[in-house]
Amino acid sequence: MKNIAAALVFFTRLPFWRFRAFNVPTEYFKQVINYWAVVGWLTAVVMAGTLWCAVQVLPYSVAVIVALLSRLLITGALHEDGLADFFDGFGGGNTRERILAIMKDSHIGTYGVISLIFYFLLFYLLLSNLDLYAACFIILVADPLCKFISSLITLFLPYARNEETSKSKTVYRKMSLQAALISIVFRITPFHFIIKISLLGSYNISYLCFPRIGSSHEEENTGIYRRLLRRGISYVRTVFLSGNNRYIEIGSNMNIYIVRHTAVGVNGVCYGQTDVPLKDTFESEAEIVKQKLKDIPFDAVFSSPLSRAKRLAEYCGYTDIRLHDCLKELHFGDWEMREWDKIDMSEWEKDWINTPAPNGESFKQMYNRIASFLDELKESDYSSVIIFAHGGVINCFRVYFGETDLKGAFDRMAEYGEIFEFET
């Protein structure tokens with residue numbers, strides 16, 4: 001435990017030194033690199049947790065910057081300082097002695113500045129181009145992995161300095177068997193931990209990860225962590241073939257098509273899950289959808305049980321239609337079939353994501369049932385499926401696949417008969 005305590009003190013700027021248990025002899029600091037993967041757990045959880053919390057109140061791109069700042073604060077920019085020293089040394093030095101002298105110099109040079117600019121640009125662009133679930137997953141898994149790999153360097157390369165000439169006045173010892181086992185355990189734990197949440201649905205373990213903001217339901221939290229794993233895996237399902245300069249995917253992707261029903265025969269009312277009639281223009285609208293879909297083969301056809309969706313599926317010629325209650329529109333409870341301008345929505349509009357209509361459901365509850373359906377669908381062997389549903393359902397799909405977040409889900413509403421395609 002003293003070795004781990006020394007690693008936490010050395011590799012972070014958290015005030016562990018204030019606690020007696022972390023006041024360890026200098027001798028233990030010679031082994032801190034062997035326990036770097038342990039520290040990776042702490043820095044990964046802090047960064048991923050910061051990203052998760054920040055995105056609840058800030059735009060995603062800003063939340064990524066806040067997460068990067070949290071990493072710099074907790075580590076004291078230790079790794080970035082080493083990166084700059086490396087590039088300054090090898091960029092400005094032409095002999096071994098000169099390279100080592102430059103790397104020991106506390107000043108930063110041109111090469112160091114350029115390396116940090118590219119480092120932060122790459123870091124920011126990589127995270128900002130992932131959706132929230134995948135970004136958190138990758139942070140949690142990659143941080144301990146990278147630290148574990150770096151800790152192995154003492155096994156293969158000799159030190160260029162001794163203790164007296166070392167910048168930190170420390171020369172790390174080679175990794176012992178005990179340290180290797182501990183490091184390996186902390187390396188593989190993120191995979192085991194997240195897979196256990198996904199495959200076993202362990203509700204109790206799920207609370208050790210990120211709590212969903214504003215949620216008090218255990219099953220809602222667990223659904224998030226399952227999606228975290230599956231979305232993350234969709235980004236890492238590739239392997240590099242030795243001797244072949246390309247990547248290939250393991251397994252096959254699934255194309256999911258979803259269609260909004262045609263125009264309804266009611267105006268100005270809140271109909272939600274009420275089975276309302278369609279307009280007289282149904283056949284002409286449905287024919288357009290049919291022609292767009294006729295040349296696309298599907299392994300399975302799903303539909304909301306509400307007639308406005310099911311009828312379109314039947315018109316398009318599908319017979320083996322699987323009706324699923326999860327694909328229903330948002331349930332507006334007591335508001336259904338009332339005119340919009342006669343409904344007092346003042347309280348609901350303050351937090352429409354979490355607040356349900358009287359005797360209805362909130363948008364967050366609707367999203368969770370849609371996400372559960374998609375989680376199950378992604379476990380199937382289908383390569384192409386078609387779903388006939390509603391505008392609110394399509395918006396939940398867009399959130400699930402990272403096109404928007406819950407707050408921006410209704411910034412764009414699907415047109416009647418509009419077709420969307422998503423790929424897992």
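The values are calculated or read from the model by the stated rules, or taken from the named source; none is laboratory data. Being a predicted model, the structure only gives us computed values, none of them experimental. Backbone-built Cβ (ideal geometry, glycine too); neighbour counts: all protein chains shown.
Quick rundown of the values:
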quantity	calculated
Condition met for L177 (out of contact with any Leu (no Cβ under 9 Å at 6 or more places or on another chain) and either within 30 Å of E379 (Cα to Cα) or modelled with pLDDT of 80 or more (or both))	no
Those residues of region 24-44 which are surrounded by fewer than 18 Cβ atoms within 10 Å (Cβ to Cβ) and modelled with pLDDT of 70 or more, in sequence order	none
Residue check, W348 hydrophobic (A, V, I, L, M, F, W, C), part of a helix (DSSP H, G or I), at pLDDT below 95 and out of contact with any His (no Cβ under 8 Å at 6 or more places or on another chain)	yes
Neighbours by Cβ (under 6 Å, 6+ apart or cross-chain): first from region 272-291, among the aromatic types (F, W, Y); second buried (at least 19 other Cβ atoms within 10 Å of the Cβ)	F282/T262
Among residues of region 335-350, those that are free of Cβ contacts under 8 Å to residues at least 40 places away in the same chain and surrounded by 12 or more Cβ atoms within 10 Å (Cβ to Cβ), counted	2
Selection from region 351-381 of residues that are surrounded by fewer than 17 Cβ atoms within 10 Å (Cβ to Cβ) and in a loop (DSSP other than H, G, I, E, B)	D351, I353, N354, T355, P358, N359, E379, S380, D381
Single residue of Y133, Y124 found to be of a type in the set (S, T, Y), modelled with pLDDT of 90 or more and in the same structural domain as Q56 (by TED's automatic domain parsing)	Y124
Region 340-360, residues that are more than 21 Å from N267 (Cβ to Cβ) and of a type in the set (V, I, T)	I353, T355
Residue satisfying all of: in region 388-415; among the aromatic types (F, W, Y) and not in a loop (DSSP other than H, G, I, E, B); surrounded by the most Cβ atoms within 10 Å (Cβ to Cβ) among these	F388
Residue check for E418: surrounded by fewer than 16 Cβ atoms within 10 Å (Cβ to Cβ), touching a Lys or Arg at 6+ places or on another chain (Cβ under 6 Å) and in contact (Cβ under 8 Å) with a residue 60 or more places away in the chain	yes
Selection from region 57-113 of residues that are modelled with pLDDT under 85, part of a helix (DSSP H, G or I), under 21 Å from D143 (Cβ atoms) and hydrophobic (A, V, I, L, M, F, W, C)	L78
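Quick grid of which residues meet (1) among the hydroxyl-bearing types (S, T, Y); (2) assigned to a helix (DSSP H, G or I); (3) within 20 Å of E421 (Cβ to Cβ):
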{"residue": "N267", "(1), (2), (3)": "no, no, no"}
{"residue": "G272", "(1), (2), (3)": "no, no, no"}
{"residue": "D275", "(1), (2), (3)": "no, no, no"}
{"residue": "E283", "(1), (2), (3)": "no, yes, no"}
{"residue": "I288", "(1), (2), (3)": "no, yes, yes"}
{"residue": "A309", "(1), (2), (3)": "no, yes, yes"}
{"residue": "T319", "(1), (2), (3)": "yes, no, no"}
{"residue": "R322", "(1), (2), (3)": "no, no, yes"}
